[in-house]
Every structure is written in structure tokens, then in C-alpha cells.
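Please treat every number below as a calculation from the coordinates, not as lab data. A quick note: this is a predicted structure, and the numbers were derived from the prediction, not measured. In this analysis, Cβ positions are derived from the backbone assuming ideal geometry, glycine residues included, and neighbour counts consider all displayed protein chains.
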Amino acid sequence: MDLAKWWNTRGQLGRLGAMALRRGFPRTHHFAQARSVFAVAAQRCDEVFDPPGCVTLWRLPEALEEEFDARWEHWIEHAAALQPFFEKLGALQATDLTATLRAFELASDRDVDALSRLRRSAEGRAVPLPGVFSGATEDVTLLALGFARGEHGALAVPYARRGDG
């Protein structure tokens, strides 16, 4: 959510980022754009709140990261089918993360209901999720939705306790 001023990736997911990367990555530039934003977001989140023994959207358990990487390869193989998704993402102007995830059909009513029960920590830098991280899609979705508890210019990092910690 660069539009919320949480990390400085201005334009990276939009037309500017596409122009910068298309030449070197003609078929996969959208994925290169996403990976670069992931790296910046992960670094910024670690600077703001780096909880030991916990999971964040950018620091998932190894098995889940491997599953994501395998899925990433599938998405790259079907890059043309994802073109409309990336175009919609690149044109995004809204800062309401919940509405955006709903518009992209990445969050359900149940997920938004779970978000309504989340609160920022006392110092305002984190958003603890209840219970232990199970790795279920709902947990990952809530890690993403939890960023909505941050404010414009004030990142709050959602996290969950690891079950193996």
C-alpha cells in the first residue's frame, strides 16, 4: 500500500514500474514489479516491528513460502491470463485496503468480520492476530487485512504467533 505511505515504492506497481522493467522482463515484468515491492515492504515491516517467533505476511513459515514459490511459477506460466489483474492493480488509487481486497475478491465477509476484532498494539506499531498461525488461507488473508489497522503514513504490522515457536 504505497498509496498509504507505508513504504516508498511510488509507481512501482503501475505504468512507471512496467515501463522500467518491461524491456528486461518482457513476459514477466508484472511479476518483477511485484517481487520488488514485496522486498521493500518486507524490509519496511521488519524496521517497524520484527517479532521473534512470529509470522508476518512477508515472513511466512518455510513450507508456506515454498508453496507460494511453486504457485508463483504457475502464475508466471499463465502470465497473459493475469494481465487484467495487474492492469487493475496498476490503476488503483484507493487507500482503503479492506475495500481493495474485497474488490479483488481476495477477502470475504467472514474475513472482514475477523478484521473488525483486530486492534493495534499499545505502541501502535503492530496488529496481533488471535491464536496461533495455522497456515490456512484465512490466516494469510487476515495477515494481509490486518494492515488496514494502520493509518495513512503510520504502518502497523500484522503478526501471528508460530505454532512451533
Item checked: Degrees between helix 62-77 axis and first principal axis of the chain (Cα, 0 to 90, nearest 10) -> 20 degrees
Item checked: At R0 = 25 Å, FRET efficiency that the Cβ-Cβ distance of Ala91 and Thr137 yields, to 0.05 -> 0.45
Checklist line | Alpha carbon convex hull of the chain, volume per residue in cubic angstrom | finding: 115 Å³
Checklist line | Residue-averaged 222 nm ellipticity for the chain, from DSSP H runs of 4+ at -39500 (n - 2.57), nearest 500 | finding: -14000 deg cm²/dmol
Notebook entry, point to check: In which sequence would Asp109, Asp50 go, from the one with the fewest C-beta neighbours within 10 Å to the one with the most?
Noted result: Asp109, Asp50
